[in-house]
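**Q** First the structure, then my questions, so here it is.
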Amino acid sequence: MGIQFKQVSKRYGGLDSPLVVKGIDFVVPKGSLTTILGPSGCGKTTTLRMIAGLEVPSGGQIVIDGKDVTHLGPSERNVSMVFQSYALFPHMNVIENVRYGLDVSGVAKTEAQERASHSLAQVGLKGYETRLPSELSGGQQQRVALARALVLEPSVLLFDEPLSNLDARLRRSMRDEIRQLQQRLGLTVAYVTHDQSEALAVSDQIIVMEAGDIAQAGTPQDLYERPSSAFVAGFMGEAVLFDGESLADGAVQLGPLRLLPRHAMAPGAVRAAVRPEAWLVGRELMAGEQPPATLVGQLKQWAYLGSFMELTLDTELGPVFVVSPEVERHWQVGQWLALSLPGRGVSVVAAG
């Protein structure tokens, strides 16, 4: 077993202070990567800091590799953390930064040097030993921070928003490197981010937090395709939520649209989370034309993004955001267009 939370809670202040984390349970299996995802203030960073021993729980139990570590300090947990800010010592060169944790732990200098060199090689920085942090790019600094965490041979590796200071292209490549390294070394990783695409790309398991509670936990595919609530559906990607009605025959009515949900819903009010790529844009319409079984929308804005178009349309259901692969099509503000939902990319959850 990797990490286990048993009814863990956290509040700052006295007993009348509100709980930041509200008695949560979860497991990070050994050798897997679990992402804790959620909006600002949901409790995800506090949860990570409790795993690290940087925060003491107000209640509950934390177990790492079968050992109760609830009241142990950071140095007693065999856990390493990679921070958002990298936290490198500016006056030390790369090898000294990586070796620092071993030096203060009393590891022999020769062994510390060998382990630090090996750790740098693992993250692709062999040959950078004598450079200062100021001589490195953001991605290289992040690799040094990662090597410094790995050199301690932790049983658990923690990441706190590790890619937020990098540009989009570097973020994607660094994200892939972290995932490959985790899989190659069989590391147990807890990873905090607010970026849904990052979570989908790196995770074996995603835990979505909402206001100190766990809204849903599962595989990336579970959360994206089978969200259990409107909050999770709206948070996992750019889904837009619409009010609808589940009918006695099992279909869901969404304005003029009728669709079959992935799983049966009780008759009554529902909410449908529709992802932008789920919409199919049909032909251009004459003003006032209403083809059957389609949603009519007027194009208010479009943007060309190379391999796809982003469209915003006004409809009777409200604003609809669409991602279309039809980059060569003639788009014009004011056009009336027919929209339909073939099925995939729509999640239906109970209202409320």
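The values are calculated or read from the model by the stated rules, or taken from the named source; none is laboratory data. Every value quoted in this text rests on a predicted model; they were computed, and no experiment measured them. Cβ sites come from the backbone with ideal geometry, for glycine too, and all protein chains shown count toward neighbours.
This table checks each residue for (1) buried (at least 19 other Cβ atoms within 10 Å of the Cβ); (2) outside any loop (DSSP other than H, G, I, E, B); (3) of a type in the set (Val, Ile, Thr); (4) free of Cβ contacts under 8 Å to residues at least 60 places away in the same chain.
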residue: Gln216; (1), (2), (3), (4): yes, yes, no, yes
residue: Asp222; (1), (2), (3), (4): no, yes, no, yes
residue: Ala233; (1), (2), (3), (4): yes, yes, no, no
residue: Leu241; (1), (2), (3), (4): no, yes, no, yes
residue: Gly244; (1), (2), (3), (4): yes, yes, no, no
residue: Ala248; (1), (2), (3), (4): no, no, no, yes
residue: Gln253; (1), (2), (3), (4): no, yes, no, yes
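**Q** Continuing with the same structure: Pick from the range 89-106 the residues that are modelled with pLDDT under 90 and part of a loop (DSSP other than H, G, I, E, B): which of them is nearest to Met174 (Cα to Cα)?
**A** Across the range 89-106, the extreme among qualifying residues is Ser105.
**Q** Additional query: Restricted to the range 159-192, and to residues that are in contact with a strand residue (DSSP E or B) (Cβ under 6 Å, 6 or more places away or on another chain) and hydroxyl-bearing (Ser, Thr, Tyr), which residue is surrounded by the fewest Cβ atoms within 10 Å (Cβ to Cβ)?
**A** Result: Thr188.
**Q** Pick out the one residue from Val252, Val232, Val208, Val240 that is touching a Gly at 6+ places or on another chain (Cβ under 7 Å) and not assigned by TED's automatic domain parsing to the domain that holds Ser164.
**A** Val252
Let's see how each residue does on (1) surrounded by 17 or more Cβ atoms within 10 Å (Cβ to Cβ); (2) closer than 19 Å to Tyr224 by Cα; (3) at pLDDT 95 or above; (4) not β-branched (Val, Ile, Thr):
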residue: Ala273; (1), (2), (3), (4): yes, yes, no, yes
residue: Pro276; (1), (2), (3), (4): yes, yes, no, yes
residue: Gly288; (1), (2), (3), (4): no, no, no, yes
residue: Leu299; (1), (2), (3), (4): yes, no, yes, yes
residue: Tyr304; (1), (2), (3), (4): no, no, yes, yes
residue: Gly343; (1), (2), (3), (4): no, yes, no, yes
residue: Val348; (1), (2), (3), (4): yes, yes, no, no
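The rows are residues; the columns are (1) surrounded by fewer than 18 Cβ atoms within 10 Å (Cβ to Cβ); (2) modelled with pLDDT of 95 or more.
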{"residue": "Gln4", "(1), (2)": "no, yes"}
{"residue": "Gly13", "(1), (2)": "yes, no"}
{"residue": "Leu33", "(1), (2)": "no, yes"}
{"residue": "Thr46", "(1), (2)": "no, yes"}
{"residue": "Val79", "(1), (2)": "no, no"}
{"residue": "Val82", "(1), (2)": "no, no"}
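**Q** Sticking with this one: Based on what the data block shows, is Leu170 closer than 20 Å to Ala87 by Cα and not β-branched (Val, Ile, Thr)?
**A** Against the criterion (closer than 20 Å to Ala87 by Cα and not β-branched (Val, Ile, Thr)), Leu170 qualifies.
**Q** The conditions are (1) in a strand (DSSP E or B); (2) surrounded by 16 or more Cβ atoms within 10 Å (Cβ to Cβ), and Gln61 fails exactly one of them. Which is it?
**A** (2)
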